[in-house]
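The values are calculated or read from the model by the stated rules, or taken from the named source; none is laboratory data. Note that the coordinates shown come from a computational prediction; the quantities given were computed from them, not determined experimentally. Heads up, the Cβs are rebuilt from the backbone with ideal geometry, glycines too, and the neighbour counts pull from every protein chain shown. Areas reflect the complete protein model, heavy atoms only, side chains present, ligands, DNA and RNA absent. Shrake-Rupley method; radii C 1.70, N 1.55, O 1.52, S 1.80 Å.
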Amino acid sequence: MKRFARLNTLSVLLLAASLATGVAHAQLAPSASAAPTQAGAPSEARKANIVIIGTGGTIAGAGAAATNTAAYQSAVVPVDKIIASVPEIAKIANVKGEQVFQIGSESFNNERLLKLGKRVSELLRQPDVDGIVITHGTDTIEETAYFLNLTLKSDKPVVVVGSMRPGTALGADGALNLYDAVLVASSPESRGKGTLAVLNDEIHTGRDVTKTNTFKVETFRSPFGPLGYVVEGRTLYFRLPARPHTMQTEWDIDKLDKLPEVAVVYAYGNVNPASVDAAVKNGAKAIVYAATGNGSVGDYMVEPLKAARAKGVQIVRASRTGGGVVIRNAEQPDDKYDWLVTDDQLPQKARILMALALTKTNDTKELQKILWKY
Ligand code: DGL
C-alpha cells in the first residue's frame, strides 16, 4: 500500500521555520501533536492523513439510469474511483484508498468482520495515519460500527459511511456523505469518541445508530439522537457517547481470532420452537430471542428456551420493538431460569456484544453485567 510521505527531521524544521515566518508548507503530514484546529476547519498545513477503506455497498453501487435510486447494482465501483469522484476531498485531507472487500454488507459474517477490524487496527498503528473512513453497505453498517466501537484500541477517529442511493442516481447522497465522513475523521474533536457513523449530515455513535428505512436517505437514527452534525465544512458535536468504547473496553481486535456463534431467533405469533432447536443444533453458544414487547415469551416457547439453557446455551431476552430496555425478571423469571436480558441493544447489536462477551466468560452474572455496561 502506498504510504503517506513520512515527516522527516528536515521537514519538521522547515515546518517550524515556515510557521514561524507564517509560510504554510502544503502537503506535509500533520504531526500527531498538531494543535487542534477549530471544529472542522482543516487548514493546508494541518491536513490529516486519512485512509478510506472500501468494502462495497450502495456507496459503491451503480444503477442503469439516473432515476434508479433504489434498484441498482451494489458493490461494483472501486474505492479509488469513488474517491476520485469527489475531488473536494483532496482540499480537506490527504487520502489513500484501500479495497478490503467489494460486497453487499448483507454478506458480512464473523470472519469478514474480524478481517476488516484487524486491517483497521493495523492501519491505526501507523504513525502517519490520522484517521480511517470505512465505506460500507448500509444494511449491516450498524453491526460493524458497534463491533469496531467495542474492539479497536485507538483514540484515532474511525468513521463508517454509506449511502442510500448509488452515485449514478438523481439526488445521490454518497458523495456528500463521503466528504463529510473524511471531514469528521480529520477533525481533532472526533478523537476519543469511539467508532462513528456519518450519513445525511449527522454524526452518530456506532453503539446507537441503526437503519430504520429501506430506501430513504434519512434512514439512520439513534434512539437518543446523533452526537452532532457536519455541515458547511464544520464538525459540530453536542453530545458524547455514554458507554465505554475503544480504549475503555476489555476487548482487543488484535487478540480476537474467532467469535462464538450467537443466533438471533425472531419472535412472532406462532413462532416455531424448532427455530430454537435449530440454533442449538447449529452450535449457538447463545440465543438472542428478539421477543415481542418488553421481552415477552409465548407460553409455548418457554420450555424450548429453558431446554436450550439446560444444554448450556445462554438465553438473552431482547425486544423486536426497536426501542426501550428489557426489564430483568419482569415478563419472565430470569433469575430462576438463569436467563439474560439486553439493555437497550437491538437484537442484531446484542448478538455482537454477546459474541464478544462469551470470549471473556460464560458466567450468567458476569454476562449480564457486560450487557448492561456496553
Ligand atoms: N446491499 C445493501 C448493502 O450493501 C445495499 C444497501 C446500501 O448499501 O445502502 O448494505
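Just to be sure, is Ala291 over 22 Å from Gln248 (Cβ atoms), open to solvent by less than 40 Å² (accessible area, probe 1.4 Å) and of a type in the set (A, V, I, L, M, F, W, C)?
Yes; evaluated as a whole, the condition is true for this residue.
Looking at segment 234-263 only, could you name the residues that are open to solvent by 20 Å² or more (accessible area, probe 1.4 Å) and within 15 Å of the chain's Cα centre (by Cα)?
Pro241, Arg243, Pro244
Failed condition for Leu183, given (1) part of a helix (DSSP H, G or I); (2) more than 24 Å from Ala62 (Cβ to Cβ); (3) open to solvent by 50 Å² or more (accessible area, probe 1.4 Å), with all others met?
Of (1) part of a helix (DSSP H, G or I); (2) more than 24 Å from Ala62 (Cβ to Cβ); (3) open to solvent by 50 Å² or more (accessible area, probe 1.4 Å), only one is false for Leu183: (3).
Looking only at segment 171-191, count how many residues are away from the ligand (no atom under 16 Å from the Cβ) and either farther than 25 Å from Lys47 by Cα or in contact with a Ser or Thr (Cβ under 8 Å, 6 or more places away or on another chain) (or both).
Going through segment 171-191 one residue at a time, the tally reaches 6.
Residues Glu142, Glu122: which one is in contact with a helix residue (DSSP H, G or I) (Cβ under 8 Å, 6 or more places away or on another chain) and among the charged types (D, E, K, R)?
Exactly one of Glu142, Glu122 is in contact with a helix residue (DSSP H, G or I) (Cβ under 8 Å, 6 or more places away or on another chain) and among the charged types (D, E, K, R), namely Glu142.
Conditions (1) open to solvent by 60 Å² or more (accessible area, probe 1.4 Å); (2) closer than 15 Å to Ser275 by Cβ; (3) basic (Lys, Arg), marked per residue:
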{"position": "Asp299", "(1), (2), (3)": "yes, no, no"}
{"position": "Leu305", "(1), (2), (3)": "no, yes, no"}
{"position": "Arg320", "(1), (2), (3)": "yes, yes, yes"}
{"position": "Gly324", "(1), (2), (3)": "no, no, no"}
{"position": "Ile327", "(1), (2), (3)": "yes, no, no"}
{"position": "Leu340", "(1), (2), (3)": "no, no, no"}
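Could you please tell me which pairs satisfy a Cβ distance under 9 Å, a separation of 6+ or placement on different chains, a first residue in segment 68-81 that is open to solvent by less than 60 Å² (accessible area, probe 1.4 Å) and within 11 Å of the ligand (Cβ to nearest atom), and a second residue that is of a type in the set (Ser, Thr, Tyr) and not in a loop (DSSP other than H, G, I, E, B)?
Once the first residue is open to solvent by less than 60 Å² (accessible area, probe 1.4 Å) and within 11 Å of the ligand (Cβ to nearest atom) and sits in segment 68-81, its partners that are of a type in the set (Ser, Thr, Tyr) and not in a loop (DSSP other than H, G, I, E, B) give Ser74/Thr58; Ser74/Ser105; Ala75/Thr55; Ala75/Thr58; Ala75/Ser105; Ala75/Ser107.
Under 6 Å between Cβ atoms, which residue pairs at least 6 apart in sequence (or on different chains) link something in segment 134-145 that is part of a loop (DSSP other than H, G, I, E, B) with a partner that is open to solvent by 10 Å² or more (accessible area, probe 1.4 Å) and near the ligand (Cβ under 7 Å from one of its atoms)?
Close Cβ pairs satisfying both conditions: Gly137/Gly104; Asp139/Glu106.
Just wondering, is there one or more residues in segment 264-280 that are open to solvent by less than 60 Å² (accessible area, probe 1.4 Å), at negative phi and part of a strand (DSSP E or B)?
Yes, there is a match, as at least one residue in segment 264-280 is open to solvent by less than 60 Å² (accessible area, probe 1.4 Å), at negative phi and part of a strand (DSSP E or B).
Considering each residue of segment 82-101, count those that are open to solvent by less than 70 Å² (accessible area, probe 1.4 Å) and within 16 Å of the ligand (Cβ to nearest atom), and give that number.
Of the residues in segment 82-101, 3 are open to solvent by less than 70 Å² (accessible area, probe 1.4 Å) and within 16 Å of the ligand (Cβ to nearest atom).
Go through segment 118-163 residue by residue and tally those that are away from the ligand (no atom under 16 Å from the Cβ), closer than 18 Å to Leu353 by Cα and of a type in the set (D, E, K, R).
Of the residues in segment 118-163, 2 are away from the ligand (no atom under 16 Å from the Cβ), closer than 18 Å to Leu353 by Cα and of a type in the set (D, E, K, R).
Report yes if some residue within segment 324-331 is part of a helix (DSSP H, G or I), among the hydrophobic types (A, V, I, L, M, F, W, C) and modelled with pLDDT of 95 or more; otherwise report no.
no
Please pick out the residue among Pro188, Pro127, Pro157 that is surrounded by 24 or more Cβ atoms within 10 Å (Cβ to Cβ) and not aliphatic (A, V, I, L, M).
Pro157
Taking only segment 47-76 into account, find how many residues are assigned to a loop (DSSP other than H, G, I, E, B), touching a strand residue (DSSP E or B) at 6+ places or on another chain (Cβ under 9 Å) and among the aliphatic types (A, V, I, L, M).
Here the count works out to 3.
Taking segment 205-244, which residues are assigned to a loop (DSSP other than H, G, I, E, B), in contact (Cβ under 8 Å) with a residue 24 or more places away in the chain and in contact with a strand residue (DSSP E or B) (Cβ under 7 Å, 6 or more places away or on another chain)?
Gly206, Val209, Thr212, Thr219, Pro226, Leu227, Pro241
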